[in-house]
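The values are calculated or read from the model by the stated rules, or taken from the named source; none is laboratory data. Everything numeric in this text was worked out from a predicted model, so none of it was measured. Methodologically, a virtual Cβ is constructed for each residue, glycine included, from the backbone with ideal geometry; neighbour enumeration extends over all protein chains shown.
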């Protein structure tokens, strides 16, 4: 027995089984013997073939595409654990869907990120472990503890090992300035800002670039890349201004719609993303490099289970 719980249980939805297996391997435990199935009418069912009574349960599920299906899987898994008398239920959400709907930008907008927080709490989650939420304010949408991990350290270490010269970190928009500035500080290099306009959703237009990029190796950093319009238009603008090479990085590679073709056709030399979402084989082009978050999530789960501080996992965070 570990503390007040009867042990640790890791249960996974279908959204990101490879990551769940990495986490289980790090913790040297087996994934809970369970299955999540879909019936012919689209309803979701859960079968758990071992006891979780009194256990410290960690439900691992990203809520990426198909977003609504994966979100329902997560909610149903949490409900099943609550009704099976789990000691504590921790929702491990590497990618938190609906995070971009975090405020009212115009009249009658929903705040769906808050709605999802309410749903998770109502379903029975006692704690949430997430990575690189689209905005820090989402932590305040919950009335339960939220451990907000950052993949920034992984990306920082990757670029340190590349040991590139004459670097500059470039924020693809004003919203990523803090993230870019802190990455630049860790890499000991300057940073620049792209001033963009968004005429309509999923469409961007570069207006100005603030900073010196001529002859430099540019690293563009964002929390997520969806249709890749922002990152690729920014990369092409930097090349037009005389940049030597363009690298890009993000925590969440959503890569929907025309994203892969845009990346392939763009000036980006390499794009680094984390494995918070499963990237299908047909989207794993040569330009895309995937870094693992399994050890980071495994350490977080270990610390939470044994009641240890997670502060050391936040060292170097930049989101």
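Scan the range 111-142 residue by residue and report those that are closer than 20 Å to residue 300 by Cα, part of a loop (DSSP other than H, G, I, E, B) and more than 14 Å from the chain's Cα centre (by Cα).
Correct list: 125, 126, 142.
Here are some residues: 75, 133. Which one is on the phi < 0 side of the Ramachandran plot and modelled with pLDDT of 95 or more? If you could, list the steps in order and put the result at the bottom.
Numbers: 133 fails: modelled with pLDDT of 95 or more.
After applying the criteria, what remains is 75.
Tell me whether the range 206-213 contains one or more residues that are assigned to a strand (DSSP E or B), touching a strand residue (DSSP E or B) at 6+ places or on another chain (Cβ under 7 Å), at pLDDT below 90 and within 24 Å of residue 96 (Cα to Cα). If you could, list the steps in order and put the result at the bottom.
First, pick out the residues of the range 206-213 that are assigned to a strand (DSSP E or B): 206-210.
Then drop every residue that is not touching a strand residue (DSSP E or B) at 6+ places or on another chain (Cβ under 7 Å), which leaves 206-210.
With at pLDDT below 90 added as a condition, the list becomes 206-210.
Checking which are within 24 Å of residue 96 (Cα to Cα) leaves us with none.
So far as the range 206-213 goes, no, none of its residues is assigned to a strand (DSSP E or B), touching a strand residue (DSSP E or B) at 6+ places or on another chain (Cβ under 7 Å), at pLDDT below 90 and within 24 Å of residue 96 (Cα to Cα).
In the range 164-190, what residues are part of a strand (DSSP E or B) and either modelled with pLDDT under 85 or farther than 18 Å from residue 232 by Cα (or both)? Break it down into steps so the answer makes sense when it comes.
Within the range 164-190, the subset part of a strand (DSSP E or B) is 167-171.
Hit for the range 164-190 is 167, nothing else.
Confirm whether residue 319 is surrounded by 14 or more Cβ atoms within 10 Å (Cβ to Cβ), assigned to a loop (DSSP other than H, G, I, E, B) and modelled with pLDDT of 95 or more. Please lay out each step first, then the result.
Details: surrounded by 14 or more Cβ atoms within 10 Å (Cβ to Cβ): yes; assigned to a loop (DSSP other than H, G, I, E, B): yes; modelled with pLDDT of 95 or more: no.
Criteria not met by residue 319.
Residues in the range 83-92: is at least one without any contact (Cβ under 8 Å) to a residue 12 or more places away in the chain, part of a loop (DSSP other than H, G, I, E, B), in contact with a strand residue (DSSP E or B) (Cβ under 8 Å, 6 or more places away or on another chain) and over 25 Å from residue 281 (Cα atoms)?
no
I'm told residue 62 meets every condition in (1) under 26 Å from residue 306 (Cβ atoms); (2) surrounded by fewer than 16 Cβ atoms within 10 Å (Cβ to Cβ) except one. Can you identify the failing condition by its number?
Of everything listed in (1) under 26 Å from residue 306 (Cβ atoms); (2) surrounded by fewer than 16 Cβ atoms within 10 Å (Cβ to Cβ), residue 62 misses just condition (2).
Being in a helix (DSSP H, G or I) and in contact (Cβ under 8 Å) with a residue 40 or more places away in the chain is the filter here, so list the residues in the range 214-233 that pass it.
As a first pass, look at the range 214-233 and keep what is in a helix (DSSP H, G or I): 229-233.
Matches in the range 214-233: 230, 231.
Report yes if residue 302 is surrounded by fewer than 19 Cβ atoms within 10 Å (Cβ to Cβ) and under 23 Å from residue 168 (Cα atoms), otherwise no.
Values: surrounded by fewer than 19 Cβ atoms within 10 Å (Cβ to Cβ): yes; under 23 Å from residue 168 (Cα atoms): no.
No, not satisfied.
In the list 238, 271, 291, which residue meets the criterion of being in contact (Cβ under 8 Å) with a residue 60 or more places away in the chain and touching a helix residue (DSSP H, G or I) at 6+ places or on another chain (Cβ under 9 Å)?
Values: 238 fails: touching a helix residue (DSSP H, G or I) at 6+ places or on another chain (Cβ under 9 Å); 271 fails: in contact (Cβ under 8 Å) with a residue 60 or more places away in the chain.
Residue meeting the stated conditions: 291.
Can you tell me which condition residue 284 does not meet? The list is (1) out of contact with any strand residue (DSSP E or B) (no Cβ under 8 Å at 6 or more places or on another chain); (2) under 22 Å from residue 60 (Cβ atoms); (3) without any contact (Cβ under 8 Å) to a residue 12 or more places away in the chain, and all the others hold.
For residue 284, the failing item is (1).
What residue, of 108, 100, is out of contact with any strand residue (DSSP E or B) (no Cβ under 6 Å at 6 or more places or on another chain), in a loop (DSSP other than H, G, I, E, B) and free of Cβ contacts under 8 Å to residues at least 12 places away in the same chain? Write out each step before concluding.
Details: 100 fails: free of Cβ contacts under 8 Å to residues at least 12 places away in the same chain.
From the options 108, 100, the qualifying one is 108.
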